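Encoded as structure tokens, here's the structure I'll be asking about.
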Amino acid sequence: NHTRPDTACGPEAVGGCYRDVFDESVVMSTYLVAFAILPLDYGSLTREVPTKYGSVKTLEKQNVAEVITHEIAHQWFGNIVTMTWWDDLWLNEAFATFTQFIGVDVYNPTWNMMDRCYVEFVMNALQTDSMLHSHPIIMAGVSDPSEIESLFDDISYFKGSSLIRMLEGVIGRRVLKEGLMIYLNRFAWRNAASKDLFEAFSEAYRKINQNSGAHSNSPAENLTRVMDTWTTQVNYPLVTVRISGNRLHFRQERFLLYPNGTQIWESHQTNHVPDRQNPEPMWTWLDLEESKTVELDHTPAFVKINLNQTGLYRCNYEFSNWQQLVKLSRQGYFGSTDMAGLLNDAFTLAYIGRLNISVPFDLFETLEEDRLDSGTPWTISMRKISELQPLMAQDQQSAEKLVKLIFKILFDQGQIRQTDAITIAVKFARRSGALDLVWTHFTRNWDQLLKIYGHMPFLMSDITKFPADYYTEFDYERTREFFETHSLTSGKRNAYQSLESIRANIAWIKHNMESFKTFIKNKVIE
Ligand SMILES: [Zn+2]
């Protein structure tokens, strides 16, 4: 107990860094808990991130760092200040989740943790909270133990941390830190509720900006009112913006994957309008208004709202504006997080029938790895394209053409490193259930694959491992014939292993099918 933390920031002292940030020292021995729980949860920690981030080993290290940092953060959010009741659970979990990214970013800046926020938690929040059967962050009146337990979910962790990220986007890191200091010192060793936190942020905002801040006309001074619409309402808005002359028309509506019902939010928009004289983004507040018109001093050629995707909402535009965004994306105009957001919104809007599906694919085709500072746009594209699986299952011809398109982008156009391309292709095949289509495509383009991967042992064996899950004589014969008549270079051993696996699968079915049927038939289930 009463550990004296190191005050240095950096790899040697994550706890020390927290103390530096929150002006409070660690006085409990929860460090032990943080280390002891690791092996229990370790198996579920593997995440999918393109190999641009490094080897799997790095990812594991990163995940361990995240868990430790998250648990240490609970010293402040949960231990020093505890929520008054379970309805405010997010005060613990959302802050621990958000600060885990800040902590690990300090520990190792090369992992680009802040850039991963969008794909790691904002995207999950947007997905989970697009259902009518979601729930507000603050669940008033929650009392049943099982109900309380169910609050340890994506909404408390991911929507909560996305809201803090949005808040930081509005008030800035300095005010966020100052507000947390006020909150933690004022409520140290006591209980607090959401409104206490928001009041502390408003106080810090007034103290630092003194009505002369970058957007001093913003309602950031009364955050309780603003944040109420986000914490006590379920779901989040879709903001549509339309250009007409020198005017921008904003409209907000409740976003649902299967629409039904309305609500409105108080939200900020950061707008990117092409004005060479004024490269700063423009701020607009939707002050509990369903729509708003803003006049500019010039006629914009395009608009992109929600800069850096700090806002927890989706965006839609007119088709012509989307086409402009595709054009700009081709020129490398947007950073990784904005690209990730554009792709996520475009694919999702197409999913609900609000945007032509050609738009997200046009955006996807503009991705070039070297222009992006992280692999998140690729991760999102592959996840979203894999969701097309039901469409692919119903139309073999389209499915084949889609696989062809993906492979053209991955292998022909030099938009992505070839080592990453094969990893993405394998993940896509498994996720979308298009294993057979992808393997067939591989066999038809064997010479090309051989030219790229023939001398990369690790990747070549990934390719020849591919057909190992087949289980019919027909597939065994065609795979055997293919392997016998084609060069396999360093993938030879894995090719033989694949054939052996298919044989074993066929035998496994033969040995067990009858006895399995009999067993299931005779099994009495009460
Ligand atoms: Zn936690």
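The values are calculated or read from the model by the stated rules, or taken from the named source; none is laboratory data. Fair warning: this is a prediction, and the values are worked out from it, not measured in the lab. All Cβ positions, even for glycine, are placed from backbone atoms using ideal geometry, and neighbour counts span all protein chains on display. Note: accessible area is taken over every heavy atom of the protein model, side chains too, but ligands, DNA and RNA are not part of it. Shrake-Rupley method; radii C 1.70, N 1.55, O 1.52, S 1.80 Å.
Using a 1.4 angstrom probe, figure out how much accessible area region 288-440 has per residue, in square angstrom, rounded to the nearest whole.
Value returned for region 288-440: 41 Å² of accessible area per residue.
Could you check how much of the accessible area of region 313-397 is carbon and sulfur, as a whole percent, using a 1.4 Å probe?
44 percent
Still on this structure, please answer the following. Looking at the square roots a ≥ b ≥ c of the eigenvalues of the Cα gyration tensor of region 413-457, which shape do they give, rounded for a/c under 1.5, prolate if a/b is larger than b/c, or oblate?
Details: a/c = 1.95, a/b = 1.31, b/c = 1.49.
Because a/c hits 1.5 or more and a/b fails to exceed b/c, region 413-457 counts as oblate.
Taking square-rooted eigenvalues a ≥ b ≥ c of the alpha carbon gyration tensor, is region 318-432 rounded, prolate or oblate, where a/c under 1.5 means rounded and, failing that, a/b exceeding b/c means prolate?
On the way: a/c = 1.73, a/b = 1.08, b/c = 1.60.
It comes out oblate by the Cα gyration axes.
Report the label-to-label distance for residue 469 and residue 127 in nanometres (one decimal), using points 7 Å from each Cα along the Cα→Cβ vector.
In this crude spin-label approximation the distance works out to 1.8 nm.
Another question, if that's okay. Quick check on packing: order 138-146, 432-440 by the mean number of other C-beta atoms within 10 Å, highest mean leading.
Ranked by mean Cβ neighbours within 10 Å, highest first: 432-440, 138-146.
At a Förster distance of 41 Å, what's the computed FRET efficiency of residue 283 paired with residue 64, Cβ-Cβ distance as r, to 0.05?
My answer for the efficiency is 0.60.
Measure out, as a whole number of angstrom, how far apart the alpha-carbon centroids of region 287-321 and region 448-492 sit.
So the separation of the two Cα centres works out to 49 Å.
Given a 1.4 angstrom probe, what's the average accessible area per residue across region 445-526, in square angstrom?
Per residue, region 445-526 has an accessible area of 71 Å².
Using 0.36 nm times the number of residues separating residue 207 and residue 331, minus their current alpha carbon distance, what extension gain do you get? Can you show the working numbers first?
Numbers: separation 124, 0.36 × 124 = 44.64 nm, distance 4.19 nm.
Length gained between residue 207 and residue 331: 40.5 nm.
I would also like to ask the following. For region 318-432, calculate the relative contact order in percent as a whole number, restricting contacts to Cα pairs under 8 Å that are 6 or more residues apart.
25 percent
Work out the FRET efficiency for residue 246 and residue 478 from their Cβ-Cβ distance, taking R0 = 51 Å, and round it to the nearest 0.05.
Values: r = 63 Å, r/R0 = 1.24.
Working from the Cβ atoms, E equals 0.20.
Same structure, new question: Taking loop as defined by DSSP and a crowding limit of 16 other beta carbons within 10 Å, which chymotrypsin sites (Phe, Trp or Tyr not before Pro) in region 160-193 fit? If you can, show how the numbers build up before the last one.
Values: sites: 183, 187, 189; in loops: 187, 189.
When the chymotrypsin sites (Phe, Trp or Tyr not before Pro) of region 160-193 are filtered for loop state and at most 16 Cβ neighbours within 10 Å, 189 remain.
With each label point set 7 Å from Cα along the Cα-Cβ vector, what nm distance links residue 144 and residue 108?
Placing both labels 7 Å beyond Cα along the Cβ direction yields 4.3 nm.
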